[in-house]
Structures are given as C-alpha cells and as structure tokens.
1. Give the number of residues within segment 319-333 that are out of contact with any helix residue (DSSP H, G or I) (no Cβ under 6 Å at 6 or more places or on another chain) and part of a strand (DSSP E or B).
2. Residue pairs, Cβ under 6 Å, 6 or more apart or interchain, first in segment 368-383 and within 22 Å of residue 37 (Cβ to Cβ) and in the same structural domain as residue 193 (by the TED database), second open to solvent by 20 Å² or more (accessible area, probe 1.4 Å) and part of a helix (DSSP H, G or I). List them.
3. Right, residue 206: crowded, with 16+ Cβ neighbours inside 10 Å and over 15 Å from the mean Cα position of the chain (by Cα) or not?
4. Could you go through segment 239-251 and let me know if any residue there is open to solvent by less than 10 Å² (accessible area, probe 1.4 Å), within 20 Å of residue 413 (Cα to Cα) and of a type in the set (A, V, I, L, M).
5. Within segment 137-151, is even one residue part of a loop (DSSP other than H, G, I, E, B), hydroxyl-bearing (Ser, Thr, Tyr) and either in contact with a Leu (Cβ under 7 Å, 6 or more places away or on another chain) or open to solvent by 30 Å² or more (accessible area, probe 1.4 Å) (or both)?
6. If I go through segment 171-187 residue by residue, how many of them are more than 19 Å from residue 426 (Cβ to Cβ), touching a Lys or Arg at 6+ places or on another chain (Cβ under 9 Å), in contact (Cβ under 8 Å) with a residue 60 or more places away in the chain and open to solvent by 10 Å² or more (accessible area, probe 1.4 Å)?
7. Quick one: which of 307, 264, 316 is buried (at least 23 other Cβ atoms within 10 Å of the Cβ) and either more than 25 Å from residue 207 (Cβ to Cβ) or modelled with pLDDT of 95 or more (or both)?
8. Might you let me know whether segment 117-125 holds any residue that is at pLDDT below 90, part of a helix (DSSP H, G or I) and basic (Lys, Arg)?
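The values are calculated or read from the model by the stated rules, or taken from the named source; none is laboratory data. Because the structure is predicted, anything quoted here is derived from the model rather than measured. Virtual Cβ from ideal backbone geometry, glycine too; neighbours counted across all protein chains shown. Keep in mind that these areas ignore ligands, DNA and RNA; they rest on the heavy atoms of the full protein, side chains included. Shrake-Rupley method; radii C 1.70, N 1.55, O 1.52, S 1.80 Å.
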Amino acid sequence: MKLLAVLVFLFTVGTVCRAEQQKFENYKLYSLYVEDDEQAEELHNWYADGKLDFWSYGTLNDSVTVMVQPDLQEYFEAMLDDVQLESELVEENVQSLLEHEQEKRNLHILSKRRRPQKVPQKPNSTQGELDEDAIDFEHFWTLDEIYRYMDRMERQYPNLVRVLKIGQTYENRSILALTVSRDGSINQTRPVVLVDAGVHAREWASHMSALYLINQLVESADKNEDLLYNTDWIIVPVANPDGYVYSYETNRLWRKNRFAGNVMCVGTDVNRNFPFRWGYNSHSCTDGYAGRTPGSEKETQALMLLMSQFSRSIKMYLSLHSCGEYILYPYGFTFQFVPNEAELHALGTEAAEAVKNIGGPEYIVGQASGLLYLATGSDDFIYGAYGVQYAYTLELSCGNRGYGFIIEPDQIEPIAAETFEMMKVFGMHAGSLKISKRP
C-alpha cells in the first residue's frame, strides 16, 4: 500500500507540474571553444537568426555552451567545419537533462511531505511543531513560495523589511521588491544596493541567490550587521514572474517574458528592452528579441520606475544571471571604456577573490562588450541613464556539471553562498560612498 501511495503521489506531482511540458527530444548540447572574431561572428549570426541557443557565455579563447535543434544538426556541423570551431558534444539528448531535473524536483516534494520540518521553539509552542513555511536551499522555489517568503519576512521583521509592489505583468502577476533597512523603510539617507534576479526566466540559480541574500540580510542580520550599518538594500528576486512560472510549468528553457502582442511569437527579452542604446530587431521568435519599442515591457518599466524612485541613493546595482562565472560592467553595447573602468575592474576583482577564498570558481572580471557579441542591458541603462557609477551583471557559476543554467539541486546553496561573498564586497563598498543631498 505504501508503494502504491508513493506511485500515486508521483503521478499527482507530475500532473501538477504539467505533463504537457514542451519536449526537447534529440536537441544536442555542445561546448565550443571560440578562438577568433570570425568564429564569434558566425555564432552570433546563428543566434540572431534563432538557430542557436546559448546556455552559457564566454569570451574569445574561452568555451561556451550552445543547444542545437535536430533539424539544424547537419548544417551546424558543416558550419563548425567551415570556421574550424573546436567542439565537444556534451549532451546527446537535452530532454534527458530536463527529465532528470524534473525527477529531482518531484523527489524533493515527496521527501518534504514525508519528512516533517521542525522549527525553533517559540513561546506557547509544542515540541516538534511543524512549520509549513520552513525553507531550504535544496530545491528551486515556485513563485508562490518566493512571494510567501517575502511576505513572511515583512511580518516577522517589521523593523527591517518592507515589501513593495513595483509593477504588474502582462498576465497580471505582481512584481515585488523587498527592502532591507535598519530604519524599517528606506528614507534615502544611506547608500542603496539594488539587486535584481530572474530577468531571464530560465536562470533559476539567480532567483535562489537573491533569496539567499534576503535570508542572510534578514534572518541572519545579527551576523551581517556590517552590511546594514551604512547600507540599505532593495532586492527584486523575480524580475520576470510570468516567464518564471512558464519556465517552471511549461517550457523549462523559456527565457523571455510572456507578452503576447507581438506579430509572430510571444515574449520579449526584458534585458534587451531597456531604452539605452536600444537596438531594434524584427524577429520576435528569437530569444534576444528587444521588443516593439524601447522600454515597452511592463517588467522593464517596473525596474525603471524603481531605479527612478531611488536614483538619488542607489550607489550599487547588481543584476544576477546564470551562468558563466563572469563579473561584467558597462558598457555592453560598445568597446569604449567608461570613465571609471579602473575602479569597476578593481572592485570586481576584489569580489572575484572573495569567491576564490572560500574555494569557489575563478570568476573573470571585465567589460560586458568583451563577450562574444555586443548587447546593451540593464547595467548599461542604470549607468548611462541614472549615472550609477557601480553597475554589474554577475553571470553566476554553472555548477559542477557545467550544463549552463540546468543546475543540480545540491549546487543551489554553494552557488548562492559564493554569490553572497561577492555581495559582501559590493555592499561594504556601497556603504562607503556618499549620496547627494536633497536640493
């Protein structure tokens, strides 16, 4: 009977997680070693035409991970020969990766149901009382779990936390930000660190790293007082809620938002939609589609309004992405250096060293345009439009398997902990900066 109950439960879980998820049978995953500009340009052309999906990013003389669909396999291999691109087939069938990940998610739900979560004793509580909101960093949280956690932090820590609704998505989901300040709410008397995550829906390690940051700043505030004494924080753990839910329930590889008003295909790349050096492209079916007009998307607008509201006090901007192990700074749209490039590089190097000091991977620090192709993004926008002098995109670790954003559950917390080491460096530096006085 117990075995039958388990089988019924797993079937139910599969149904809840939407058995009709999009399949990627016989899609292949390659690691490519890019040596010269001709090879980089050819890969970008394939990407711009929607023929290639980058799972991780790189620079010249570095490896990138790409996915190729079955009907383009022969043409892709011919292209590799033409430009003499060194390649390694790392996964014969992407669907097997996705099914493995789904199995891990199902087993976690089952184990959580079977293993009660105990909470610390509270006044008037009984020994062994269960906590339905007990958290862990052993699985990727649903949007509902994330929002419940944010609400709970505000209720339990009213002198430290506020939850702000900063926008509404196309599918009418709230976009939420959580602020952390020893004044309770941010009054713009101290420098602010603005952190967002999940702009690209499928990059789940970024969402979890933002939640780990909240956990450390709030629930472990006594251990991290130095990060709160001179600094306030604004954290948007899910900048693209519609896309995240869709990637969780229907298409694990979904990257864009879910705006349905495009001529051909649903969705816009929120990171390419910011109105700073925005570049139009007409192919709405590509992952990098920049939208109908600059700043057209509700998610973009929500982040822009948040930046505007606190523009006087934001001194550090950190956008979390996955993956590649890069600490990138403006500009991404041009090779021209920004005036404070030396300072950006030095601070990024300090953050990279902090990760190495705890046994983490070696992060590469550099200008975003040093990647394989030029592209603008949110860090370019906040630097160029609002003059935030310290703006970074953090391409987090790919984990120990190196499969791009498909991260093993046992890698969630190590990646988040590595990210927090970088946050310490950036947060402490932000706290040393001065904010302009009110006119």
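1. Number of matching residues: 1.
2. The qualifying pairs are 373/44.
3. Values: crowded, with 16+ Cβ neighbours inside 10 Å: yes; over 15 Å from the mean Cα position of the chain (by Cα): no.
Taking the combined requirement at face value, the residue does not satisfy it.
4. Checking segment 239-251: not a single residue is open to solvent by less than 10 Å² (accessible area, probe 1.4 Å), within 20 Å of residue 413 (Cα to Cα) and of a type in the set (A, V, I, L, M).
5. Our first condition is that a residue be part of a loop (DSSP other than H, G, I, E, B); within segment 137-151, this holds for 137-142.
Filter once more, so that each one left must be hydroxyl-bearing (Ser, Thr, Tyr): 142.
Pick out the ones that are also either in contact with a Leu (Cβ under 7 Å, 6 or more places away or on another chain) or open to solvent by 30 Å² or more (accessible area, probe 1.4 Å) (or both) and you get 142.
Checking segment 137-151: at least one residue is part of a loop (DSSP other than H, G, I, E, B), hydroxyl-bearing (Ser, Thr, Tyr) and either in contact with a Leu (Cβ under 7 Å, 6 or more places away or on another chain) or open to solvent by 30 Å² or more (accessible area, probe 1.4 Å) (or both).
6. Within segment 171-187, the subset more than 19 Å from residue 426 (Cβ to Cβ) is 171-176, 183-185, 187.
Add one more test, that the residue is touching a Lys or Arg at 6+ places or on another chain (Cβ under 9 Å), and what stays is 171, 174-176, 183-185.
In the following step, the residues that additionally are in contact (Cβ under 8 Å) with a residue 60 or more places away in the chain were identified as 171, 174-176.
Cutting the leftovers down to open to solvent by 10 Å² or more (accessible area, probe 1.4 Å) gives us 171, 174, 176.
Residues meeting the conditions: 3.
7. Numbers: 307 fails: buried (at least 23 other Cβ atoms within 10 Å of the Cβ); 264 fails: buried (at least 23 other Cβ atoms within 10 Å of the Cβ).
Result: 316 is the single residue among 307, 264, 316 that is buried (at least 23 other Cβ atoms within 10 Å of the Cβ) and either more than 25 Å from residue 207 (Cβ to Cβ) or modelled with pLDDT of 95 or more (or both).
8. Here is the first cut: in segment 117-125, the residues at pLDDT below 90 are 117-125.
Checking which are part of a helix (DSSP H, G or I) leaves us with none.
Scanning segment 117-125 turns up no residue that is at pLDDT below 90, part of a helix (DSSP H, G or I) and basic (Lys, Arg).
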